[in-house]
Amino acid sequence: MNFFLTEEQELAVDSFARFLQAEIKPIADRYRGEKIPKAAMQEALKLLLPYGMGNGLVPEELGGYGFDEVTIGLLFEQLAMVSPDISVMILIQTEVGMLLVDAPEHIRESHLTPLLAGDLLGCIGISEPDVGSNISEIKTRAKQDGDDWLISGEKCWISNGHYSDFIVVVSQGEKAAGNGLALFVVDRDMGYTSADIEKMGLNGQSTAQLFFDQVPVPADRMISPPGEGLKTLLTLLQGSRPLVGLMAVAVAQCALNESIQYAQERKQFGKPIAANQLIQARIANMSIKIEASRLLLYKALDHVHRGLRSDLQAAQAKLFATEAAVDVTRDALAIHGGNGITLEFPVQDLYRIAPILTVTEGTSEMQKLIIGRILLGIPAF
Ligand SMILES: Cc1cc2nc3c(=O)[nH]c(=O)nc-3n(C[C@H](O)[C@H](O)[C@H](O)COP(=O)(O)OP(=O)(O)OC[C@H]3O[C@@H](n4cnc5c(N)ncnc54)[C@H](O)[C@@H]3O)c2cc1C
């Protein structure tokens, strides 16, 4: 067991953190409180790609960097501290890239290569207005029609959705050979439309509804045949849930940093509030929750990197880290007193982001049910 970063990882994190302050923070600051336009998001993406953000997990022979999952996590955590919104875009680009690694060669050429160059933005459409936790009940239909499939349905909560040039859409395949979830790569100009959803936080990036009305998709755009889609998605989630957890760590770490500074500066009863034992207890608990989250998350990513089955580790780590971020950001508000709830101080923003992370890529309840099923051998859902 080794809890230390390699020299290469330390250097990568240091130089990346400096780059983020110089190049990415100005973009995030320019659009603080607003939606980051697609052009600016793509500008950020192109700046981040040379550091392996958005392309780092894809093998070198396919145009990525072939980094290990732990190194990607270390860099991603830094990015999420500077801009949670831009980190969502990078998370989705990363996930789409991983789905396309095993796609047929013509799709790798037409979609993976431009994705890795930052020329295309992708998204993944699983959730629907009536279908969230139970993926197998997806209602979007893909019906075979000669050489095409006609896709009809509505997707909801799709990150990168309104920016997207294409989507990996999950639909129920309908054909004589068999049903079940299938994955298709569908271009925006094939006919899907989108509309952004306003949320309590993370509004700098796009979370959208997407509409498919008999969209014709050539059969060679299928990347998982009917019945194979669920397995593909569950494998993807083992690696992506810890990254959502690292967003939560980043949010919580920012809340802790703000709280330490505020507690040292704010004076009541003739002394800094940091001199009170109850404030110190809060700070101590916040720091422990963040550090415990990190250990679980990097352990989960190490599992993924070693090619081990990681659904238990990913669920435990994502559940713990995102719930910890809710607690830590609430503690940060408390330490800031009245100032905490004003828009002038950043802790309210962090407090509005944390609960969102307990929902995306599977709610906390679903993570508990996954853990329970694995440990007990009996599904309760
Ligand atoms: C910011 C954001 C980004 C997202 N990005 C994407 C994306 O890019 N692509 C995509 O496809 N989806 C995305 N999602 C959707 C996300 O994965 C779903 O919101 C999530 O899976 C929960 O589904 P739901 O919202 O329909 O809640 P529901 O499934 O309706 O759940 C409602 C409540 O009931 C609970 N519940 C449900 N079933 C059970 C059960 N059996 N036992 C106990 N409790 C239960 C849930 O835990 C929750 O508390 C995103 C969501 C958010 C908020």
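The values are calculated or read from the model by the stated rules, or taken from the named source; none is laboratory data. All of these numbers come straight from a predicted model, not from anything done at the bench. Positions of Cβ are backbone-derived with ideal geometry, glycine not excepted, and every protein chain shown enters the neighbour counts. With ligands, DNA and RNA removed, areas are computed over all heavy atoms of the protein, side chains included. Shrake-Rupley method; radii C 1.70, N 1.55, O 1.52, S 1.80 Å.
Some observations on this one:
- Considering helices alone, the calculated mean residue ellipticity of the chain at 222 nm is -16000 deg cm²/dmol, with DSSP H runs of length four and up weighted by -39500 (n - 2.57) and normalised per residue.
- For segment 233-376, with all protein chains in place and a probe radius of 1.4 Å, 58% of the accessible heavy-atom surface sits on carbon or sulfur.
- Farthest towards the positive end of the charge dipole of the chain, among the residues CYS156, VAL170, ALA284, is the Cα of ALA284, using unit charges on the Cβ of Lys, Arg, Asp and Glu.
- Volume per residue that the Cα convex hull of segment 253-302 spans, once the total is divided by residue count, Å³: 54 Å³
- A viscosity of 1.567 mPa s and a temperature of 4 °C, combined with the Kirkwood radius over C-alpha pairs in the Stokes-Einstein formula, give segment 298-379 a diffusion coefficient of 91 µm²/s.
- Bins of 10 Å from zero: percent of alpha-carbon pairs in segment 235-381: 13, 37, 28, 15, 6, 1
- GLU77 - accessible surface, heavy atoms, 1.4 Å probe, Å² rounded to 10: 10 Å²
- Sparsely packed loop sites in segment 58-98 (the chymotrypsin sites (Phe, Trp or Tyr not before Pro) outside DSSP H, G, I, E and B with at most 16 other Cβ atoms within 10 Å) do not occur.
- Cα shape, segment 7-47, gyration tensor, a/c 1.5 rule: prolate
- When the solvent-accessible area of segment 7-120 is split by element, carbon and sulfur atoms take up 51 percent of it, the probe being 1.4 Å.
- Against the chain, whose longest principal axis is taken from its Cα atoms, helix 84-101 shows a tilt of about 30°.
- Among the GluC sites (Glu not before Pro) within segment 142-236, those in coil by DSSP and having at most 10 neighbouring Cβ atoms inside 10 Å are GLU198.
- For segment 7-120, the equivalent ellipsoid derived from the Cα gyration tensor has semi-axes of 23, 18, 10 Å, listed largest first.
- In order along segment 331-339, the phi-based Karplus estimate (6.51 cos²θ - 1.76 cosθ + 1.60, θ = phi - 60°) of 3J(HN,Hα) comes to 4, 5, 4, 4, 5, 7, x, x, 4 Hz; Gly and Pro are listed as x.
- Rolling a 1.4 Å probe across the protein heavy atoms gives the chain an accessible surface of 45 Å² per residue.
- Rounded to the nearest Hz, the phi-derived 3J(HN,Hα) couplings of segment 61-69 under the Karplus curve 6.51 cos²θ - 1.76 cosθ + 1.60 (θ = phi - 60°) are 5, 9, x, x, 10, x, 5, 7, 5, where x marks glycine and proline.
- For ILE374 and THR113, a Förster radius of 41 Å and the Cβ-Cβ distance give a FRET efficiency of 0.65, rounded to the nearest 0.05.
- Lys, Arg +1 and Asp, Glu -1 on Cβ, resulting dipole of the chain about Cα centre, debye, nearest 20: 1320 debye
- Two-decimal log10 I(q)/I(0) for the chain, as the Debye equation yields it once each C-alpha is a single scatterer, q = 0.06, 0.11 Å⁻¹: -0.23, -0.77
- In segment 124-163, one over the average inverse separation of all distinct C-alpha pairs is 11.2 Å, which is the Kirkwood hydrodynamic radius.
- Hits among lysines - C-alpha to C-alpha of LYS143 under 19 Å, sequence gap 8 or more where chains match: LYS155, LYS175
- For LYS289, the lysines whose Cα falls under 19 Å of its own Cα, not counting residues fewer than eight places away in the same chain, are LYS299, LYS318, LYS368.
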